[in-house]
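Visitor: The structure is given below, and queries will be raised subsequently.
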């Protein structure tokens, strides 16, 4: 029987590949995103598109009420400003903090009562290797580290009630973020450190997310899975 899945940022990039994979497997998907212009899955009866800016954390309780009950939560929405620490202003810092960390924590906490009531639920948080090794965008790296920590904390607190929550931390993933980055030479150096000498395909990340959300043993809980093809350390 298909599952009810919520994918944040499921309208493009990695999130779109995640959404497509769940649909292919017979699940129904609610997607939360700021903009659905040229949305590839528009008109699919198994997709519910919900326009919302997740940086507005105070509105998440109402958002959850609107979406309704789910079986699986994929906290995928996130972004990097791709700037150095001294380039941050308060507006940018607050936005990235809310989107990358406060929103996934708030969504997970809001769905906990329904997960506990039926004895289980699964959450996958899309973090980043920046949260493990650091990043030139200090806020992005620190917030992804926080998301990994939150994953472990939720598992420790609520795993006994059936919550299975894990994180994935991709390295460079092929897409516009790499191609259009002012730091594309750094991405090239990282890619050169991989075994296959290439970035990840978004579909490969989606496959790991799907496995953790539906197929992995429940014993695997509170973990962070690196998806970087053998990269174990990064040059500054």
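Visitor: Going through 19, 55 one at a time, which residue ends up being modelled with pLDDT of 95 or more, surrounded by 15 or more Cβ atoms within 10 Å (Cβ to Cβ) and in a loop (DSSP other than H, G, I, E, B)?
Guide: On the way: 19 fails: in a loop (DSSP other than H, G, I, E, B).
Answer to the selection: 55.
Visitor: Taking the stretch 1-16 on its own, how many of its residues are in contact with a strand residue (DSSP E or B) (Cβ under 7 Å, 6 or more places away or on another chain) and modelled with pLDDT of 95 or more? Lay out the reasoning, then the answer.
Guide: Filtering the stretch 1-16 for residues in contact with a strand residue (DSSP E or B) (Cβ under 7 Å, 6 or more places away or on another chain) gives 2-11, 14-15.
Add one more test, that the residue is modelled with pLDDT of 95 or more, and what stays is 3-11, 14-15.
Of the residues in the stretch 1-16, 11 are in contact with a strand residue (DSSP E or B) (Cβ under 7 Å, 6 or more places away or on another chain) and modelled with pLDDT of 95 or more.
Visitor: If we scan the stretch 68-78, do we find a residue that is farther than 18 Å from residue 112 by Cβ, out of contact with any strand residue (DSSP E or B) (no Cβ under 7 Å at 6 or more places or on another chain) and surrounded by fewer than 20 Cβ atoms within 10 Å (Cβ to Cβ)?
Guide: Taking the stretch 68-78 as the starting set, the residues that turn out to be farther than 18 Å from residue 112 by Cβ are 76-78.
From the residues that got through so far, the ones that are out of contact with any strand residue (DSSP E or B) (no Cβ under 7 Å at 6 or more places or on another chain) too are none.
No, the stretch 68-78 has no match at all.
Visitor: Given the condition in contact with a strand residue (DSSP E or B) (Cβ under 9 Å, 6 or more places away or on another chain), crowded, with 20+ Cβ neighbours inside 10 Å, part of a loop (DSSP other than H, G, I, E, B) and modelled with pLDDT of 95 or more, answer yes or no: does some residue in the stretch 40-51 qualify?
Guide: no
Visitor: Which ones in the stretch 162-196 are at pLDDT 95 or above and surrounded by fewer than 18 Cβ atoms within 10 Å (Cβ to Cβ)?
Guide: Matches in the stretch 162-196: 162 only.
Visitor: Please find, within the stretch 80-117, the residue that is farthest from residue 171 (Cα to Cα) out of those that are touching a residue at least 40 places away in the same chain (Cβ under 8 Å) and in a loop (DSSP other than H, G, I, E, B).
Guide: Only one residue fits best here, namely 88.
The values are calculated or read from the model by the stated rules, or taken from the named source; none is laboratory data. Because the structure is a prediction, the values reported are computed rather than measured. For neighbour counting, all protein chains shown are included, and Cβ atoms are generated from backbone atoms with ideal geometry for every residue, glycine included.
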